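Heads up, the thing below is written out as structure tokens.
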Number of protein chains: 2
Amino acid sequence: MRTEVCERFGIEFPLFAFSHCRDVVAAVTNAGGLGVLGAVAYSPERLEEELRWIDDHVGGRPYGVDVLVPGKIDASAERAGRGEGGLDTMLAAVPEEHWSFLIGLFERYGVPLPDFEKAKRSDARGGTQVTKEGAGELIDVSLAHPIRLIASALGTPPPVMVDKAKAAGVPVAALVGTAEHARRQVAAGADLIVAQGGEAGGHTGEISTMVLVPEVVDTVAPVPVLAAGGIATGRQMAAAMALGASGVWCGSVWLTTEEAETSPAVKQKMLAATSRDTVRSRSRTGKPARQLRSAWTDEWEGPASPGPLGMPLQMIIAEGAMRQITKVAESGNPGARELANYFVGQCVGLMNTVKPARQVVYDMIEEFADAVERLGAY
Amino acid sequence: MRTEVCERFGIEFPLFAFSHCRDVVAAVTNAGGLGVLGAVAYSPERLEEELRWIDDHVGGRPYGVDVLVPGKIDASAERAGRGEGGLDTMLAAVPEEHWSFLIGLFERYGVPLPDFEKAKRSDARGGTQVTKEGAGELIDVSLAHPIRLIASALGTPPPVMVDKAKAAGVPVAALVGTAEHARRQVAAGADLIVAQGGEAGGHTGEISTMVLVPEVVDTVAPVPVLAAGGIATGRQMAAAMALGASGVWCGSVWLTTEEAETSPAVKQKMLAATSRDTVRSRSRTGKPARQLRSAWTDEWEGPASPGPLGMPLQMIIAEGAMRQITKVAESGNPGARELANYFVGQCVGLMNTVKPARQVVYDMIEEFADAVERLGAY
């Protein structure tokens, strides 16, 4: 395909793949799209390792990195990020009531308790990566690699990110859920807007892709817009581009690929799920994020729940818990299977087979071409 | 355009227009689409009058009727529908607490009270039209006219509707919000499925158009599927058809046309609204319906609210109240302006000018052609 975005990024198809899994990133890049590694909660050392691996596997083809720089997070984490409190301040900000609720949940569902004392320190450290300072470290690590895109997943990219990226000649992308946010992102220096509808997996707003994309395209023209949210097939890619998008940004569809990091129990749930089986919940990160509905989301929204904390405190609670839950779920523990979940969009209903990521790209492009041909016949 | 749906319904464009306004129905039909009159809450006599007017204005061109036959409504209304209780039983089922809350609301917003005693009897009568028996009367009235489509807006069409329509040679359409509902509707005899995403105005589910349409198309093939929910432009029509839809069903877009029944104060709100200004609320009908967010929806969802009643009891409360609110809003009453709202989808953000309905059709088709041409160039 010859589109402006293809030429600008040196790719064959305007298909951007967001994934936390380096294998998916490399596979999509090698298949002619552009893989983007989600770096949130990676330590700088771990990110360095992942990017080095990708460099070794894409033969110079273009890929990107996505960092989470939320506009507003818990004050204790902001202080820790500035080195004013350290991890203890963050951990002290998690109320005892929440740990009790979590432990009660494990007991009620018959899931053996992990060593939370040990887990929570490393998860608190992960939490500091979403502070401006923490994200800044990840940005520095990323820009030392030959990345071709850096994306800001939540909120306006901080000036330091834009400045450093521009200095390195790396285009900046920004995810938005409203036209107003898109306007602000462009004013802040974003070169590419990802308009993400509320049906998307992960952190998301409430305006649907069908409405949001044309609104954002009209708002930021001539800045190119990628459509995100619910897109897992070539028909949907054609639809997104009919709406005026210059390409698509897909996240969920990679979660059931052969390469995916998804745990087997969760992958099985995703293959069986319909589009009704997701929910937008604060129970994993503290901000509304679409994910598989499970006993975890139900319990945190239920009457006995103390309510999710803000970001990143809820991540400290949820990350260690969910690692244990998915691990125990593998051994067949029924309570853990009920609780297990992961971020995914409504398009989980369209994800029914396990394929290599490369094949997902080829199938999407073939279906895209068929859809365009069918439309042309009208 | 030459599509299967165009040939089957004898129309030029596969564009179906749902409206409570006969002028819009006739204008769209005369412009080459297919207008569908929403008959809910019309008395049989009033519906007869409306359809006679349409017959006189479309010169034999095809149009349709949409009736609301919900699967589950308040038991008092079911009894009234069966002639077992009458309107008094229905009115007795509305708790005093709800009337008090409503009257308090009018007082707090400085809106003069209407004669609720008089209004509620006629609104209770309107409420009986959503019972099986009430809808049956509307179906009989409709089938005595040369309609070319009868649609069931909520729940599986009752066998009597399907039987009567088939006997009259009139195709049956059914609105669905999930693939499972689509399967049931086809099993019940629907000839045409309208897959309506959660961004739609009025009664709606939670799965977005982008995800729902391909899911439903795959589920019910070869039964044709119209896409609904958020669609107000030709780009979106092209997107819907890229998803596999055989055409589109639009409701909201007509509300800001010259012909629309929308009250001036509400029309003004719609023109100014962005896609963020809607909410899915039970406060007008008792079932979740997307509408403009206003003081009305906020107050009914607020802490002092007794909570909306079920359908159709909440309609008895809301209909008379909203008639008064919109009337008083015209005279500039600021409280009434805050409260006023109406059903509309997220595409209200794309509805920014007042045009004749005919022009909306022509503009959509022109933009559709442009979008298809643009896609073909890739």
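The values are calculated or read from the model by the stated rules, or taken from the named source; none is laboratory data. Model, not experiment: these values are computed from the prediction. Cβ: placed from backbone, ideal geometry, glycine included. Neighbour counts: every protein chain shown.
A few points about this structure:
- Hits in the range B:4-39 (condition: part of a loop (DSSP other than H, G, I, E, B) and either under 11 Å from B:Pro62 (Cβ atoms) or outside the structural domain of B:Ala153 (by TED's automatic domain parsing) (or both)): B:Gly10, B:Ile11, B:Glu12, B:Gly32, B:Gly33
- Filter result for A:Arg374 (free of Cβ contacts under 8 Å to residues at least 60 places away in the same chain and outside any loop (DSSP other than H, G, I, E, B)): yes
- Whether a residue is free of Cβ contacts under 8 Å to residues at least 12 places away in the same chain and aliphatic (A, V, I, L, M) was assessed, and B:Ala221 passes this test.
- Consider the range B:212-233 and keep the residues that are more than 9 Å from chain A (Cβ to nearest Cβ) and touching a helix residue (DSSP H, G or I) at 6+ places or on another chain (Cβ under 8 Å). The one that is surrounded by the fewest Cβ atoms within 10 Å (Cβ to Cβ) is B:Val223.
- The lone criterion from (1) crowded, with 23+ Cβ neighbours inside 10 Å; (2) in contact (Cβ under 8 Å) with a residue 60 or more places away in the chain; (3) away from chain A (no Cβ under 14 Å) left unmet by B:Ile193 is number (2).
- Residue match in the range A:289-301 (condition: away from chain B (no Cβ under 12 Å) and modelled with pLDDT under 95): yes
- Checked against (1) without any contact (Cβ under 8 Å) to a residue 24 or more places away in the chain; (2) at positive phi, B:Ala41 passes all but a single condition, namely (1).
- Considering only residues in the range A:261-297 that are touching a Pro at 6+ places or on another chain (Cβ under 9 Å) and not in a strand (DSSP E or B), the one that is surrounded by the fewest Cβ atoms within 10 Å (Cβ to Cβ) turns out to be A:Arg282.
- Index of the failed condition, B:Glu258 passing every other in (1) farther than 30 Å from A:His181 by Cβ; (2) crowded, with 21+ Cβ neighbours inside 10 Å: (2)
Conditions tested, residue by residue: (1) among the polar types (S, T, N, Q); (2) in contact with a His (Cβ under 8 Å, 6 or more places away or on another chain).
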position: A:Thr257; (1), (2): yes, no
position: A:Lys269; (1), (2): no, no
position: A:Arg284; (1), (2): no, no
position: A:Ala289; (1), (2): no, yes
position: A:Gly302; (1), (2): no, no
position: A:Gly307; (1), (2): no, no
position: A:Met311; (1), (2): no, no
position: A:Gln324; (1), (2): yes, no
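- Criterion: in contact with a strand residue (DSSP E or B) (Cβ under 9 Å, 6 or more places away or on another chain), of a type in the set (S, T, N, Q) and more than 23 Å from B:Val217 (Cα to Cα) - qualifying residue of A:Thr204, A:Thr209: A:Thr204
- Among residues of the range A:39-71, those that are closer than 14 Å to A:Arg148 by Cα, surrounded by fewer than 20 Cβ atoms within 10 Å (Cβ to Cβ) and out of contact with any helix residue (DSSP H, G or I) (no Cβ under 6 Å at 6 or more places or on another chain), counted: 3
- Residues that are among the hydrophobic types (A, V, I, L, M, F, W, C) and assigned to a loop (DSSP other than H, G, I, E, B) were ranked within the range A:54-86; the one that is nearest to A:Pro14 (Cα to Cα) is A:Leu68.
- Pairs with Cβ under 9 Å, 6+ apart, first in the range B:4-21 and closer than 16 Å to B:Gly251 by Cβ, second among the acidic types (Asp, Glu) and surrounded by fewer than 24 Cβ atoms within 10 Å (Cβ to Cβ): B:Pro14/B:Glu4; B:Ser19/B:Glu259; B:Ser19/B:Glu261; B:His20/B:Glu261; B:Cys21/B:Glu259; B:Cys21/B:Glu261
- Matching residues, the range A:170-190, being among the small types (Gly, Ala, Ser) and free of Cβ contacts under 8 Å to residues at least 24 places away in the same chain: A:Ala174, A:Ala187
- Taking the range B:155-169 as the range and being at negative phi and without any contact (Cβ under 8 Å) to a residue 40 or more places away in the chain as the test, the residues that pass are B:Pro159, B:Val160, B:Val162, B:Asp163, B:Lys164, B:Ala165, B:Lys166, B:Ala167, B:Ala168.
- If the condition is being under 13 Å from B:His98 (Cβ atoms) and touching a residue at least 40 places away in the same chain (Cβ under 8 Å), then the range B:273-320 contributes B:Gly286, B:Glu299, B:Ala304, B:Ser305, B:Pro306, B:Leu309, B:Gly310, B:Leu313, B:Met315, B:Ile316, B:Ile317, B:Gly320.
- Scanning the range B:298-313 for residues that are touching a helix residue (DSSP H, G or I) at 6+ places or on another chain (Cβ under 7 Å) and either outside any helix (DSSP H, G or I) or polar (S, T, N, Q) (or both) returns B:Ser305, B:Pro306, B:Pro308, B:Leu309, B:Pro312.
- Members of the range B:99-127 that are of a type in the set (Asp, Glu) and either outside any helix (DSSP H, G or I) or surrounded by fewer than 16 Cβ atoms within 10 Å (Cβ to Cβ) (or both): B:Glu107, B:Asp115, B:Glu117
- Restricted to the range A:118-149, and to residues there that are basic (Lys, Arg) and touching a residue at least 24 places away in the same chain (Cβ under 8 Å), the residue that is nearest to A:Gly59 (Cα to Cα) is A:Arg148.
- Scanning the range B:314-369 for residues that are in a helix (DSSP H, G or I), within 14 Å of another protein chain (Cβ to nearest Cβ) and closer than 22 Å to B:Phe18 by Cα yields a count of 11.
- Condition check for B:Thr353 on (1) surrounded by fewer than 24 Cβ atoms within 10 Å (Cβ to Cβ); (2) β-branched (Val, Ile, Thr); (3) touching a strand residue (DSSP E or B) at 6+ places or on another chain (Cβ under 7 Å): one failure, at (3).
- Residues that are closer than 30 Å to A:Gly376 by Cβ and in a loop (DSSP other than H, G, I, E, B), drawn from the range B:246-260: B:Ser246, B:Gly251
- Taken together, B:Gly177, B:Gly198, B:Gly247 contain a single residue that is within 12 Å of chain A (Cβ to nearest Cβ) and either farther than 21 Å from A:Gly198 by Cα or among the charged types (D, E, K, R) (or both), which is B:Gly247.
- Single match in B:Ser263, B:Ser275 (criterion: in contact with a Ser or Thr (Cβ under 7 Å, 6 or more places away or on another chain) and among the hydroxyl-bearing types (Ser, Thr, Tyr)): B:Ser263
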